[in-house]
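Every number in this text was worked out from the coordinates using simple rules, so none of it is lab data. All of these numbers come straight from a predicted model, not from anything done at the bench. Glycine gets a Cβ as well: all are built from the backbone with ideal geometry, and neighbour counts include every protein chain shown.
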Amino acid sequence: MARSGSDRLARTAGVTRFAAVSSLGADRQSRVFYSRVKGEAEDAGEILSLGEQAQVPFGHFKDVLLIKDLTPLHPRVLEYKLYAEGVGPVLVLGVSGGSDREELLGFEPPPA
């Protein structure tokens, strides 16, 4: 994730860990092209807010994490992604370079 205020915002809100993994093995310094590109994409995000709300077909979520997501592969594409604690991504909005909208339709927590 980008460091432009995201770390400070997260620490202020009490966040101790956050990981957005697009692919296992993603590493911007990998010799494997796919892993390198995925690592670069993961590093292009920025935390914007930690107290958002999202309404999707599955339900209403509070205290949602909002991330501005860019990718070097598609520099004209901008997405806002909203993540709910214990669930993961609940809403993805294509802001520029497309008009996609992905919504959480259902969720079943993993067995304890």
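List of remarks:
- Label point distance in nm, Val87-Asp63, each placed 7 Å from Cα along Cα→Cβ: 1.4
- Proximity of backbone amide H atoms, modeled 1.01 Å from N, is registered between Gly45 and Ala2, Leu70 at under 5 Å, excluding neighbours fewer than 5 places apart on the same chain.
- Partner aspartates and glutamates for Lys38 [C-alpha distance under 19 Å; skip if fewer than 8 residues away on the same chain]: Asp27, Glu46, Asp69, Glu79
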